[in-house]
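The values are calculated or read from the model by the stated rules, or taken from the named source; none is laboratory data. Values in this document were obtained by computation on a predicted structure and should not be read as measured data. Methodologically, a virtual Cβ is constructed for each residue, glycine included, from the backbone with ideal geometry; neighbour enumeration extends over all protein chains shown.
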Amino acid sequence: MTDQSGNHHVDEGRKILSVEDLHVAYGAVKALRGISFSVKAGEIVTLIGANGAGKSTTMNCIMGLVKCQAGKIVFLDEDIANMHAFQIVRKGLSLSPEGRRLFLNLSVRENLEIGGLITLDKGKKQELLDEIFQLFPRVKERLTQIAGTLSGGEQQMVAISRAIMQNPDLLLLDEPSLGLAPNLVQEIFEKVQILNSEGKTILMVEQNAFQALRISHRAYCLEHGELNIKGTGAELLANPKIKEAYLGG
Amino acid sequence: MINPYWELVIFLVMINVIFTLSLNLILGYNGQFSLGHAGFLAIGAYGSGVATTALGLPLFAGVLMSIACCIVAAVIVGYPCLRLGGDYLAIATLGFAEIIRIVLLALPEKTFGGATGMQNIHNIYDYLPVPAGAHNGIINLIFTIVFSVVFLALTIWGVFALGNFLNGVLQKRFGGNFWRYIVWAGFVVLIIANLSGTKGTASVSAKPGIAGYVMDIFQFSNAMKQPSLESRQWLVFLIYGLIVLAVNQLIRNFLNSVPGRGVVAIRENEIAATNLGINVFWLKLQNFMLGCAFAGLAGALLAHTIPLIKPIEFGFLKSVDVLLMVVLGGMGSMTGSFVGAVSISVLPEVLRGVGEWRMVLYSLVLILFMLFKPGGIFGTNELSDIFRLPWLKRGRDAEASDA
Amino acid sequence: MDLYRYIEKAARFRWWFLVLVVLAPVVASAAGEGGSGFTLGSLVENLLIGLILGSVYALIALGYTLVYGVIKLINFAHGDIYMLGAFTGFYLLRFTVRWLNFTQGISLIWCFVISVVISAILCAALAVLMERLAYRPLRKSSRIAALITAVGVSFLLENGGIIAFGPNPKSYEPRKLEVYQLQFAGSEDFSNARQQEIFDRTQQNFQSSELSKTPYARVRVVSKAGSSEWSPTLILSMDEQFGLEEIPKDQIANDSPQQLASIGYSNDSKAGTTTVSWARAAVADYQVRPIFSNSEGEQLAFHLPIKNAAGDDIRVPWFNVVIVVVTAILLWALNILINRSMFGISMRALSFDMNAAKLMGVDTDKVIAQTFAIGGACAAVAGNIVGLYNQQIDPLMGILPGLKAFVAAVVGGIGSIPGAAVGGLIMGISEGLVKGAGAGKMADAMAFAILILVLLFKPTGIFGRTTREKV
């Protein structure tokens, strides 16, 4: 899947991630009770759901931060369930975690550099950096600043940039709009759409259902650890249940 | 009559229980790691030792002085370290214990004994009430025990009443429940004061303790003679047992009070505790002071129990010993402290044949316990959580039905 | 007036601590036995001693500061790794001196370098093993559990060391290196004799039954400079319990480089063994010389134009200069590594947020193991240096320097390498000065007093940055 320059090639429309019957429990508490979904190349797929529905658990489980009790996570024909996180990242998945989780003690440049840790090729790194600077001009301005001194929106940009630096086949975004002002939320979703149009496949978890569903190709709704409603973004926007529960009537 | 060797072992077990409880209060209930607890034991031992020999004070004053010294030391160590999160307290107390040891070695040998230790501290037997007259033994034994129990019960009741009264008055004045455990501490001191006379020297005749005076008032002493060795031994066991129980009760009461719950809350989550309106630093310091005060009490008892105290006995090894007792029994369990203290104190007697491998075994036990059963034998459970005896269960059920 | 507030307010008034800071050195020097204060010479001399101590503390502090920076654990066992470094270095130096210097003629400096490198590798491996077995299983449990385990590991290493190496100090003092060549034969002409070599006065047991067939024995001292003459023949008779051949003074070969004065053996009929040993052998010129010495066996040193208390110029051995330079180079290289390399960035990222670092593809277990390895190697270097500097090591030597090095790490600012260096120097120099003032006993107490003062006034240390704890 990876050529010498570190580029990944994935055919358009091919299933790159499929999750089958995933079970996760924290001790006696069952967080996920057998969810199945898939992501095809070139799509934006969104998981929506209430607090505690298991959205972030799904993401963390895909990335190997949480162990799953049963089920399969197949990424590019390989079962990655219960691998170490750093191995999964090297397979071409990358997660921008909930709450951004930047390394606030490092500078922005170092944050990006550590994102590029698994991209060994120097030319490729520069290419990705240029891409990021084009997408987020603000990041370039702040390059030497310590990440802890950035504003929330800028931190989110750096977090997404850091994930892009890993040059993933599938980009996982956990709550990219968390704690941001409405105009910034708008901006972030626009950037996500631009990223997608440039060919990135994106799996997103979002509380801001309206914005997320508008830009996503397909979406799933998680409730109490189960996937109940699925369909295209537009279908879910029109679904009366979703309207009532997540879009405020 | 128990032979002197096992007598000493039993005394040491009891002292170790107090010492372990005091560390458990800091480490188990508050989650602060004190790695130089032996330093406070040393302060306690030397405090009381010097007060009773060089200053010629009675026993209870010596014990009080030990406790006061320990509290002052606790403030000096705790104030800078407890403000900071993290493990600074561990390293600072470790250093502090080392300082204490070095300073004790450097202090004047005439009073403090230097490296060879203090030998002239009066033993606890010297302080037992000394009645005059000459009469038969069995009555004397029964009388001594009954009298002590009755007298102690009266004292306890009096302290209870006085404590409640003081608490009521002082609560209005100062607020909070702070005075409550000062009063409790006073109660422990009174028990000791009960029995503390001063040892006679060539120039000064022996003075009986309060109990002795009371006996004289009631003219009981005419019906008594010098108690037999056996009865004296039982009396000392009784005193030590009562002190252990009193300390146990004090700590239990403290932990069930509002500040006590705050202490446990700090262990669970310091930030959440702050958000509950607890002055985290101040409460941690109070708790540290309290724990060190009990360590001082243990030290004072130690000084009057063993024939010789040396600075080298209060080294790092002693700190690790008590740490092991707390960890083995269970951090945050009173029952665990008892079990840990008893087993680790008796273990050396059992492991006598192992020789130099004993210390290696100790450290292996410590590591393995942390790896496989980090909570210790009891975890944070008490005996009453495990064996649900009817009379122990009642209080809990009542609480549950209230809620 | 609220009682709590009152006490707190009184405690916040910290002038008396400042007074303590000023008074401490004065008290220390006054406490010295007949302390007459410092002259310039004694000041410089003690400063130099402090510099050496400081370099050693800095090297040990490095391990503390890196490990604490990464997994927030005070690795109490670090001081004992330093002790093990000293011991492995000690035995390796014996080994290399015997096998490389004595028999191959490789210079002593290289022997020292080889033993330092090997002991650093061994200690790094040990540190990694320790992390793997004792600390990794506890990564997810409470910090107190990890801390208690660290105390346990430290205790285990100390007591294990006492059992393995014996409780008594081992001395580096120059020793005579001797190789004896023994020949046993059935007849006095030693035509097809069996040959045996014994080193360093270690005695060797032989089966009596074996020796009874070859009762004629003779011995000589050998070395790369040449061998001595064969001794007069000794006839081993198994009936006698003890046999000795005194070599008459006039028979001692004057031209050979070694002189054999007497040989002997003892016979244990119960065990059926014979112990061959030598009573006297004058081999003065095969003493192990101090490392960095001239051909006469004197330590290389230069003199400063300042008179010390005894009225001589202050003598500075080159070895001390090497210590300081090596330490400085190591610290500088590690500082570069932490600040510039990808490893350093991963390490700092890991210390901030372990899960996020995993998501970046950092193999956290590996980075932590590497951190332990670096710390262990530096501690081993420090152990080797101290062993040679003090000429003496013992199994409990790691406790106090370990603690002081941790204090140094705190003083400098934990997690920072320049901090470790500066903290180490502060600790070392203050110790040197206090000892110089004649209050040697108080030097240890001084270190912890400094710790408490630093925690009061600048808890983050000199190079430390204030960090907020995450909610």
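Scanning the range A:137-152 for residues being away from every other protein chain (no Cβ under 14 Å), surrounded by 19 or more Cβ atoms within 10 Å (Cβ to Cβ) and either small (Gly, Ala, Ser) or in contact (Cβ under 8 Å) with a residue 40 or more places away in the chain (or both) gives a total of 1. Annotation: of all residues in the range B:80-114 being of a type in the set (Asp, Glu) and facing chain C (nearest Cβ under 7 Å), the one that is nearest to the chain's Cα centre (by Cα) is B:Glu98.
The set of residues from the range A:88-111 being under 17 Å from the mean Cα position of the chain (by Cα) and more than 8 Å from chain C (Cβ to nearest Cβ) comprises A:Ile88, A:Lys91, A:Gly92, A:Leu93, A:Ser96, A:Glu98, A:Gly99, A:Arg100. On the basis of being part of a helix (DSSP H, G or I) and more than 21 Å from A:Gly153 (Cα to Cα), does A:Leu222 make the cut? Considered against the rule, which asks whether it is part of a helix (DSSP H, G or I) and more than 21 Å from A:Gly153 (Cα to Cα), A:Leu222 comes out as no. Scanning the range C:304-314 for residues that are of a type outside the set (Val, Ile, Thr), surrounded by 13 or more Cβ atoms within 10 Å (Cβ to Cβ) and assigned to a strand (DSSP E or B) yields C:Leu304, C:Lys307, C:Asp313. Per this entry, C:Phe87 is counted among residues that are in contact with a strand residue (DSSP E or B) (Cβ under 8 Å, 6 or more places away or on another chain) and part of a helix (DSSP H, G or I). Here B:Val50 does not qualify as farther than 27 Å from B:Glu268 by Cβ and within 14 Å of chain C (Cβ to nearest Cβ).
Select, from B:Ser343, B:Ser337, the only residue that is of a type in the set (Ser, Thr, Tyr), more than 19 Å from B:Ile76 (Cα to Cα), more than 14 Å from chain C (Cβ to nearest Cβ) and surrounded by 19 or more Cβ atoms within 10 Å (Cβ to Cβ).
B:Ser337
Within the range B:353-385, work out how many residues are more than 10 Å from chain C (Cβ to nearest Cβ), closer than 27 Å to C:Glu131 by Cβ and of a type in the set (S, T, N, Q).
Selection size over the range B:353-385: 0.
Set side by side, the residues B:Leu12, B:Leu21 differ, and just one is more than 14 Å from chain C (Cβ to nearest Cβ), under 26 Å from B:Arg83 (Cβ atoms) and either in contact with a Cys (Cβ under 9 Å, 6 or more places away or on another chain) or not in a loop (DSSP other than H, G, I, E, B) (or both), which is B:Leu21.
Surrounded by fewer than 20 Cβ atoms within 10 Å (Cβ to Cβ), more than 9 Å from chain C (Cβ to nearest Cβ) and in contact with a strand residue (DSSP E or B) (Cβ under 8 Å, 6 or more places away or on another chain): is that true of A:Gln134 in this structure? Judged against the criteria, A:Gln134 is not a match.
Among the residues making up the range C:119-148, those that are of a type in the set (D, E, K, R) and in contact (Cβ under 8 Å) with a residue 60 or more places away in the chain are C:Glu131, C:Arg132, C:Arg136, C:Arg139, C:Arg143. Each residue in the range A:179-216 was checked for being part of a loop (DSSP other than H, G, I, E, B) and surrounded by 17 or more Cβ atoms within 10 Å (Cβ to Cβ), and 4 of them qualify. Considering the range B:274-323, and only residues there that are touching a residue at least 60 places away in the same chain (Cβ under 8 Å) and of a type in the set (Ser, Thr, Tyr), the residue that is nearest to B:Gly117 (Cα to Cα) turns out to be B:Thr305. Would you point out which residue out of C:Gly419, C:Gly376 is under 24 Å from C:Ile121 (Cβ atoms), touching a residue at least 24 places away in the same chain (Cβ under 8 Å) and more than 14 Å from chain A (Cβ to nearest Cβ)? The unique qualifying residue is C:Gly376. Screening A:Cys61 against (1) out of contact with any Cys (no Cβ under 8 Å at 6 or more places or on another chain); (2) at pLDDT 90 or above; (3) over 21 Å from C:Arg348 (Cβ atoms); (4) of a type outside the set (S, T, N, Q) leaves a single unmet condition, (1).
Taken as a whole, the structure leaves B:Ile67 outside the set of residues that are more than 18 Å from C:Ile414 (Cα to Cα), within 7 Å of chain C (Cβ to nearest Cβ) and among the aliphatic types (A, V, I, L, M). Considering only residues in the range B:99-123 that are free of Cβ contacts under 8 Å to residues at least 12 places away in the same chain and part of a loop (DSSP other than H, G, I, E, B), the one that is nearest to B:His37 (Cα to Cα) turns out to be B:Leu107. For the range C:332-373, taking the residues that are more than 14 Å from chain A (Cβ to nearest Cβ) and buried (at least 24 other Cβ atoms within 10 Å of the Cβ), the one that is nearest to A:Gly116 (Cα to Cα) is identified as C:Thr371. The numbered conditions (1) surrounded by fewer than 18 Cβ atoms within 10 Å (Cβ to Cβ); (2) outside any helix (DSSP H, G or I) are all true for A:Val66 except (1).
Here's the yes/no breakdown for (1) farther than 21 Å from A:Gly115 by Cα; (2) not aliphatic (A, V, I, L, M):
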{"site": "A:Leu173", "(1), (2)": "no, no"}
{"site": "A:Ser177", "(1), (2)": "no, yes"}
{"site": "A:Pro182", "(1), (2)": "yes, yes"}
{"site": "A:Val185", "(1), (2)": "yes, no"}
{"site": "A:Ile188", "(1), (2)": "no, no"}
{"site": "A:Val192", "(1), (2)": "no, no"}
{"site": "A:Gly199", "(1), (2)": "no, yes"}
{"site": "A:Met204", "(1), (2)": "no, no"}
{"site": "A:Phe210", "(1), (2)": "yes, yes"}
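If you check A:Gly225, A:Gly199 for being small (Gly, Ala, Ser) and under 15 Å from A:Gly49 (Cα atoms), only one passes: A:Gly225.
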